[in-house]
Every structure is written in structure tokens, then in C-alpha cells.
Amino acid sequence: MQPEILLAVIVAMGIWDRLGQELVLTALLDGTHMEGSFHYDGMAVDLRTHYFDNATKELAARMLRAALPMYDVVLEATHIHVEADF
């Protein structure tokens, strides 16, 4: 994991705590991702969201975008993907 993603994880921990959940990382360097994925370079992380309702998932994504404006934050069906592509 690169320092940029460690920072994103620390920020996400604070957000998940404010939303009443423990942060769970579902993918870092592991898993199968598309070719060229930032996961393979330690520059992306996937964050569990299944315990949130849709409104809270969207809130978490908005909070991450506000706290990490240089990062790409993508709300997926099963997780939030965060990558540092700067």
C-alpha cells in the first residue's frame, strides 16, 4: 500500500466511525481487477458498504470526495473504490 492510500484509509476510518460502522477494506493489492488497475500498484482501495443503506453509501462517498479532493472516489454497487491517480 502506498502512503497516498494509507492516508485515504485513515480518512475513511474517521468517516465510517462518524457513520457508526467499522471500516473494512475489501481489496488492496489482492483480488482480480481490470488491466492497469491502480490496485496492482498499491494506489487504490475498496471499502465495504453493504451495511449502509443507499443514502448512507452516497453520504459516505460525498464525505470522502470532500475530504480527499485529489482522489477518485467511485460508488460501486458493492463497495466504494478510492484511487490516487495524481
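The values are calculated or read from the model by the stated rules, or taken from the named source; none is laboratory data. Because the structure is a prediction, the values reported are computed rather than measured. For neighbour counting, all protein chains shown are included, and Cβ atoms are generated from backbone atoms with ideal geometry for every residue, glycine included.
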M70, sole failed condition from (1) in contact with a Phe, Trp or Tyr (Cβ under 8 Å, 6 or more places away or on another chain); (2) crowded, with 16+ Cβ neighbours inside 10 Å: (2)
Single residue of the range 46-86 satisfying the filter (small (G, A, S) and modelled with pLDDT under 95) that is nearest to M1 (Cα to Cα): A84
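Name the residue, out of T26, T32, that is at pLDDT 85 or above and hydroxyl-bearing (S, T, Y). Spell out how you get there, then give the answer.
Details: T32 fails: at pLDDT 85 or above.
Going through T26, T32 in turn, just one is at pLDDT 85 or above and hydroxyl-bearing (S, T, Y): T26.
Would you point out which residue out of E22, E83, E35 is on the phi < 0 side of the Ramachandran plot, touching a residue at least 24 places away in the same chain (Cβ under 8 Å) and of a type in the set (D, E, K, R)?
E83
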